[in-house]
1. From the list Val95, Val74, which residue is surrounded by 14 or more Cβ atoms within 10 Å (Cβ to Cβ) and either among the small types (Gly, Ala, Ser) or touching a strand residue (DSSP E or B) at 6+ places or on another chain (Cβ under 6 Å) (or both)?
2. Return yes when Arg55 is within 30 Å of Glu133 (Cα to Cα), surrounded by 14 or more Cβ atoms within 10 Å (Cβ to Cβ), not β-branched (Val, Ile, Thr) and not assigned by TED's automatic domain parsing to the domain that holds Asp120 and no when it is not.
3. What's the number of the condition Glu76 fails, among (1) under 14 Å from the mean Cα position of the chain (by Cα); (2) of a type in the set (D, E, K, R); (3) more than 30 Å from Asp130 (Cβ to Cβ)?
4. Which is aromatic (Phe, Trp, Tyr), touching an Asp or Glu at 6+ places or on another chain (Cβ under 9 Å) and closer than 30 Å to Leu10 by Cα, of Tyr108, Tyr49?
5. Could you say which residue among Val128, Val143 is more than 14 Å from the chain's Cα centre (by Cα), crowded, with 17+ Cβ neighbours inside 10 Å and closer than 24 Å to Glu76 by Cα?
6. What number of residues in the stretch 67-111 are among the hydroxyl-bearing types (Ser, Thr, Tyr), under 26 Å from Thr20 (Cβ atoms) and not in a helix (DSSP H, G or I)?
7. Out of Glu32, Glu102, Glu84, I need the residue that is surrounded by fewer than 17 Cβ atoms within 10 Å (Cβ to Cβ), of a type outside the set (A, V, I, L, M), closer than 16 Å to Glu145 by Cα and out of contact with any strand residue (DSSP E or B) (no Cβ under 6 Å at 6 or more places or on another chain). Which one?
8. Can you report the number of residues in the stretch 17-74 which are closer than 25 Å to Asp5 by Cβ and without any contact (Cβ under 8 Å) to a residue 24 or more places away in the chain?
Amino acid sequence: MIGADTTITLIGTRLAKIGTEFFFNGQTPDCEGCRLKNTCMNLNKGSKYRIVNIRNSAKHDCAVHDSGVCAVEVVEAPLVVAIESRKAFNGSKIVFEPIQCENSCSLYSLCHPMGLEKGDKGTITEVVGDVPETCPKGYSLKVVELSRA
């Protein structure tokens, strides 16, 4: 039985392993005219997903994936992000405000993760701990797992 937060979609058979995480980037030109397009394109563009179940071993032809696609169950995966320490509490609902810094900083991808934009709403599901190094701008930062609200 599928959980309320689980979605069935199609993914390349080489990627279809429980626990695999991926970002959904949307449709490619090769998807036009595919009869299975609606099943593949039922995810939110830019969101991160984790495969939680393989539905069956049936393979379907695909113009994008050379080995075909198969049905999987996915859930939206939490994003790992660095935020100001004063906002980092388990269960807190936040509006994402990225740290103002240069993208040459080694922490930049943690403070500005793929799939998360300024103004996105989320809930902190876990405070992971301190950032791996001191912020060059002097911000006090914590690493958290954030689920979209």
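1. Matching residue, one of Val95, Val74: Val74.
2. Here the answer is no, as Arg55 does not meet what is asked.
3. (3) is the only condition that Glu76 fails.
4. Tyr49
5. Answer to the check: Val143.
6. 1
7. Residue meeting the stated conditions: Glu84.
8. Going through the stretch 17-74 one residue at a time, the tally reaches 10.
The values are calculated or read from the model by the stated rules, or taken from the named source; none is laboratory data. For clarity, every value in this text was computed on a predicted model and none was experimentally measured. With ideal geometry, Cβ positions are generated from the backbone for all residues, glycine too; neighbour counts draw on all protein chains shown.
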